[in-house]
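Here the structure is laid out as structure tokens; the discussion comes afterwards.
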Amino acid sequence: MTAPLHLLWNRVERRRSDPRTAAALPDLHRLTREDLDDDAVRAATAVALAGLGTDRLTALLDLREALASGAADEWANAWASEVI
């Protein structure tokens, strides 16, 4: 883990342990250390921690969960069958 990534993860963990921040940034509890390997998630996390909005982080974490559950595959199959 690089130093900047380690610093970002430490900030996430500190913010998650603070009840006031945890209520304002609920997506921090969904975030894993591995998520920060993705550039888009890192950027969205930095934006959220800076207080500039959580929409991107929420969307990326929702997408991750949809891909993991297979929901995205079902959507792609339904879309492909309509196209044909």
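The values are calculated or read from the model by the stated rules, or taken from the named source; none is laboratory data. Note that the coordinates shown come from a computational prediction; the quantities given were computed from them, not determined experimentally. Quick reminder, even Gly has a Cβ in these numbers, built from the backbone with ideal geometry, and neighbours come from all protein chains shown. For accessibility, only protein heavy atoms count, side chains too; no ligands or nucleic acids. Shrake-Rupley method; radii C 1.70, N 1.55, O 1.52, S 1.80 Å.
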**OP:** Mind counting the residues in region 11-28 that are open to solvent by less than 50 Å² (accessible area, probe 1.4 Å), of a type outside the set (D, E) and either farther than 18 Å from R64 by Cβ or in contact with a Cys (Cβ under 7 Å, 6 or more places away or on another chain) (or both)?
**Re:** 2
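Looking at region 34-49, which of the residues that are β-branched (V, I, T) and within 10 Å of the chain's Cα centre (by Cα) is surrounded by the fewest Cβ atoms within 10 Å (Cβ to Cβ)? Even if it seems obvious, please write down each step before you answer.
If we filter region 34-49 for residues that are β-branched (V, I, T), which is where we start, we get 41, 45, 47.
Next, only the ones that are within 10 Å of the chain's Cα centre (by Cα) stay: 41, 45.
Details: V41: 20, T45: 27.
Per the stated criteria, the residue is V41.
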**OP:** Of the numbered conditions (1) assigned to a loop (DSSP other than H, G, I, E, B); (2) loosely packed, with under 15 Cβ neighbours inside 10 Å, L31 fails exactly one; give the number of that condition.
**Re:** (2)
Subject >> Count of residues meeting criterion [under 19 Å from A43 (Cβ atoms) and acidic (D, E)] in region 9-30 >> reply: 2
Subject >> First in region 8-25 and outside any loop (DSSP other than H, G, I, E, B), second anywhere and basic (K, R), Cβ under 6 Å, 6 or more apart >> reply: W9/R33; T21/R15; A22/R16
